[in-house]
Amino acid sequence: MRLRFDDSLRFFLAARHRGSGAASLSHDGTSTLGHVIQSLGVPLTEVGELTVRGPDDDAGRRVGPSYRPRDAEVADVATAARPQPVPPPAPPRFVLDVHLGALARRLRLVGLDTSYGNDSSDDALLAQANAERRVLLTQDRGLLLRRALWLGAYVRGARPDDQLLDVLDRFAPALEPWTRCMACNGTLAPVEKSEIAALLRPGTRRTYDTFMRCRSCSRLFWRGAHSGRLESLVTTALEATGGDGAEARSGTRRGSGARRGADGFRTGRGSEPA
């Protein structure tokens, strides 16, 4: 049988198949089409429509990954649809592998429920994705080839900003910028300045009046001196998903993160998403 892959899937193929984007092989009569595709290095998470045509067929017919192909057939393997529908719960929620911390902060910045830990094992990521119905985002092809995975996606791009746009293009989630803590993924709530004035440095107390606090970790956020960089990220994200960028200039932006101390909280220097 012969398999022909969409150009965007060639990246996953071995070097000998990458140039043509096609592979010819003898079929054992028992393996499913999905198994054959994954044996060539292409995760099924990245695959869309499958079309099979026999030597006597005038047109191809759509099949699923469980289809058992015949030797003389040709299978066309399309890439996953964009935007890709995600089963409930909606909107999509994500869990990221240990190498995508910068992307995790950006996803939280635009309001997406994003779980991330810098010491999570592959087995733990898989278990969390399945238990919580989260889309596993990774650049580890081997992780996406795990058969037990509920839903995953290969993140394209080397720069975190490009990775963010790739995820938004693929899943087209609704964005709610400035509503999540970039440190822990908790939700933010307005807090009166009078409640947290003792936690602020004198310069911050004099300069800023509007604050948000994370409901989970109690970090404080406000519109700081570096908010322009974050506003630019949010504007780009909103434009990529059909917004006009107005939300990037509204509400409370970014400030410094507060760290828990023995006597309450003390403010710490905030940082841009690296």
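Some points to look at:
Yes/no matrix, rows are residues, columns are (1) closer than 21 Å to H35 by Cα; (2) surrounded by fewer than 21 Cβ atoms within 10 Å (Cβ to Cβ); (3) out of contact with any Gly (no Cβ under 8 Å at 6 or more places or on another chain):
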| site | (1), (2), (3) |
| --- | --- |
| G101 | no, yes, yes |
| A104 | no, no, yes |
| L107 | no, no, yes |
| V110 | no, no, yes |
| D119 | no, yes, yes |
| N130 | yes, yes, yes |
| L136 | yes, no, no |
| D140 | yes, yes, yes |
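- Matching residues in the stretch 112-150 - criterion: being touching a residue at least 40 places away in the same chain (Cβ under 8 Å) and aromatic (F, W, Y): Y116
- Residue satisfying all of: in the stretch 148-167; aliphatic (A, V, I, L, M) and under 25 Å from A131 (Cβ atoms); surrounded by the most Cβ atoms within 10 Å (Cβ to Cβ) among these: V167
- Picking from residues in the stretch 1-32 that are of a type in the set (A, V, I, L, M) and out of contact with any Gly (no Cβ under 8 Å at 6 or more places or on another chain), the one that is farthest from D76 (Cα to Cα) is A15.
- Cβ-Cβ distances below 6 Å connect the following pairs, each with a first residue in the stretch 218-231 that is assigned by TED's automatic domain parsing to the domain that holds I196 and in a helix (DSSP H, G or I), a second residue that is of a type outside the set (F, W, Y) and surrounded by fewer than 22 Cβ atoms within 10 Å (Cβ to Cβ), and a separation of six or more residues or different chains: R229/E272.
- Counted residues, the stretch 136-160 - those being closer than 21 Å to V234 by Cβ and in contact with a strand residue (DSSP E or B) (Cβ under 9 Å, 6 or more places away or on another chain): 2
- Against the test of being touching a residue at least 12 places away in the same chain (Cβ under 8 Å), among the aliphatic types (A, V, I, L, M) and more than 28 Å from A131 (Cβ to Cβ), the options A80, A59, A23 yield a single qualifying residue, A23.
- Test: residue in the stretch 200-214 that is touching a Pro at 6+ places or on another chain (Cβ under 7 Å), within 26 Å of S232 (Cα to Cα), part of a loop (DSSP other than H, G, I, E, B) and not charged (D, E, K, R): no
The values are calculated or read from the model by the stated rules, or taken from the named source; none is laboratory data. None of these values were measured; they are calculated from a predicted model. Because the Cβ atoms are built from the backbone with ideal geometry, glycine has one as well, and the counts that use them run over all protein chains shown.
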